[in-house]
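A.B. asks: The structure's right below; bear with me while I get my questions together.
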Amino acid sequence: MIKIYHNPRCSKSRQGLALLEASGQEFEVIKYLDQPLSSEDLKAIVSKLGIKPLDLIRKNEAIWKSDYKGKTLTDDAIIEAMVTNPKLIERPIVVNGTQAVIGRPTELISDII
């Protein structure tokens with residue numbers, strides 16, 4: 001089943017959700033700020049995206065700038081930063097089986113649904 005990791009306060013995430021709704025396919029909405037992801041969940045998502053954990057970070061978030069920017073961090077430390085501070089996670093993320101995309105731009109979601 002398709003999953004969207006969604007933040008309702010984010011316009012890009014709302015656009016991604018609208019695209020999925022318009023597709024007519026079944027999907028699950030995971031509000032990751034309300035249902036925090038585990039490090040295992042994030043590692044699986046990063047693997048499906050084919051990126052490094054750092055590429056999933058929202059680098060303009062205040063918490064990133066104050067607590068992490070400029071530090072040498074392992075991939076595991078970056079994952080833990082996202083577990084502890086889910087606002088750091090780029091959104092929306094859409095997963096369909098073994099494939100995943102960050103929906104920026106929103107049209108990328110069409111590639112996997």
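A.B. asks: Within the range 16-71, which residues are acidic (Asp, Glu), under 21 Å from residue 109 (Cα atoms) and part of a loop (DSSP other than H, G, I, E, B)? Before the answer, list the steps.
C.D. replies: First, pick out the residues of the range 16-71 that are acidic (Asp, Glu): 21, 26, 28, 34, 40-41, 55, 61, 67.
Next, from what is left, pick out any that are under 21 Å from residue 109 (Cα atoms): 21, 26, 28, 41, 55.
Once the filter is applied, which keeps residues that are acidic (Asp, Glu), under 21 Å from residue 109 (Cα atoms) and part of a loop (DSSP other than H, G, I, E, B), the range 16-71 yields only 26.
A.B. asks: Also, quick follow-up: Just one of (1) surrounded by 18 or more Cβ atoms within 10 Å (Cβ to Cβ); (2) of a type in the set (S, T, N, Q); (3) out of contact with any Pro (no Cβ under 7 Å at 6 or more places or on another chain) trips up residue 13, so point out which.
C.D. replies: (3)
A.B. asks: Still on this structure, please answer the following. Let me confirm something: among 51, 89, which residue is buried (at least 17 other Cβ atoms within 10 Å of the Cβ) and hydrophobic (A, V, I, L, M, F, W, C)? Write out each step before concluding.
C.D. replies: On the way: 51 fails: buried (at least 17 other Cβ atoms within 10 Å of the Cβ).
One residue alone meets the criteria, 89.
A.B. asks: When residue 113 is evaluated against the numbered criteria (1) at pLDDT 95 or above; (2) assigned to a loop (DSSP other than H, G, I, E, B), which criterion, by number, is the only one it fails?
C.D. replies: (1) is the only condition that residue 113 fails.
The values are calculated or read from the model by the stated rules, or taken from the named source; none is laboratory data. In this text, all values refer to a predicted model and were calculated from it rather than measured experimentally. Positions of Cβ are generated from backbone atoms using ideal geometry, with glycine treated the same way; all protein chains shown enter the neighbour counts.
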